[in-house]
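Scroll down for the structure; my scribbles are underneath it.
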Amino acid sequence: MTYPPTYRAWRRTTGPYPHSITLSTEVLPGFLDPHDVVIRIHAVALNYRDVAMLHEGCYPVPVEDGGVSASDCAAEVVAIGAEVKDFVVGDRVAPTVDLARLTGEDRDQVSIATGGDGPGLLREYAMFEDKLLVKLPKHLSWEEASTITCAGVTAWVALDSLRGLTEGATAMMQGTGGVSMFALLICLAAGIRPIITSSSDAKLAKIKQFDPRIQGINYKQHPDVAAEALRLTEGKGVDYIVNNIGLASVPSDLRALRKLGGIVALVGFLDGWKAGWSGDEIATVLFKAARIQGILGGSKADFVALNAFLDQKKVKLNSLIDKTFSIQNAPAAFDYLWSGKHVGKVVIKF
């Protein structure tokens, strides 16, 4: 299979905020190094970080000025270098998000994230070194498979790769975005009881239709989320919390945890970076032998492990997708995600 010399991509604009995305024409090299792989991208799934980068003060780390957006895709191998052994033309693949952390043990490496300070994936074609690619589960559509890379792996790592989570355990996910919804599907497949929070009864009702085991908390009706979580678990508390809100909710999260050994996984920053903790509130970490774990996505090894789980359980991800846009309407997809109307993932189809 061959590939064209040029292709379309969507880049972030520069100048005053808020930024947007703009269509550009890119060039593919005609010569492949021995370990190069050219991929044709079929679908891209957006994450909150993709839209946060366009708004001043909403994304905490520097990104490439005018870079190509997005980190999550599902792609097809169309050409390989002479020494590529692990892939053949036609394989379904995606690059890992962190191009520097491949094993999970390479802790001295400085993170390089696709769609941020690294190359983005909202493009028709891309070229990566073979060691940066991962094979995707064959039972998933392009759209479904595109949701795994960042949201899926983040959810997997936030649930501690299911280590120590036995059937019948409870996990609480904050919000109805991609990471929370992916964590919910992982929980259902593993026999873990999921609780999800939202300010919308309509969103909670829609999610509960997926499976009768799902419980919901409307945090506008129940401002003391911890008390409601304890009520739903008959006073036992939850084993894991996937925190998408940010630092301010940590004291509440700690109160919602089980008596000993629970984990709060800090994943997102939807409520910004304010904290306002008191020492008494955070002392709960000690008294419950709890853990607060920062989650910075995951490694290639985590990506591979999640794909193996999805393949073994034959987990379908179609319920994760809220809305699909064509590549021509990519800006509308960004606007829709920023509006907060979605439940799950927003996908762009090529």
Looking only at region 258-272, decide whether some residue is among the acidic types (D, E), under 24 Å from L99 (Cα atoms) and either in contact with a Gly (Cβ under 6 Å, 6 or more places away or on another chain) or touching a residue at least 24 places away in the same chain (Cβ under 8 Å) (or both). no
Looking only at residues that are surrounded by fewer than 24 Cβ atoms within 10 Å (Cβ to Cβ) and at negative phi in region 158-169, which one is modelled with the highest pLDDT? A169
Hits in region 114-145 - residues which are within 20 Å of V179 (Cα to Cα) and aliphatic (A, V, I, L, M): L121, L122, V134, L136, L140, A145
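Results for (1) touching a Gly at 6+ places or on another chain (Cβ under 6 Å); (2) within 22 Å of S69 (Cβ to Cβ); (3) modelled with pLDDT under 95; (4) assigned by TED's automatic domain parsing to the domain that holds L162, shown as yes or no for each residue.
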site: G237; (1), (2), (3), (4): no, no, no, yes
site: A305; (1), (2), (3), (4): no, no, no, no
site: F309; (1), (2), (3), (4): no, no, no, no
site: F325; (1), (2), (3), (4): no, yes, no, no
site: G340; (1), (2), (3), (4): no, yes, yes, no
Looking for something crowded, with 18+ Cβ neighbours inside 10 Å, under 30 Å from K313 (Cβ atoms) and over 23 Å from the mean Cα position of the chain (by Cα) - is there at least one such residue anywhere in region 192-208? no
Looking across region 44-80 at residues that are within 15 Å of the chain's Cα centre (by Cα) and of a type in the set (G, A, S), the single one that is farthest from P4 (Cα to Cα) is A52
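The values are calculated or read from the model by the stated rules, or taken from the named source; none is laboratory data. Remember, predicted model here, so these are calculated numbers, not experimental data. Using ideal geometry, Cβ is built from the backbone for each residue, glycine included, and neighbour counts are taken over all protein chains shown.
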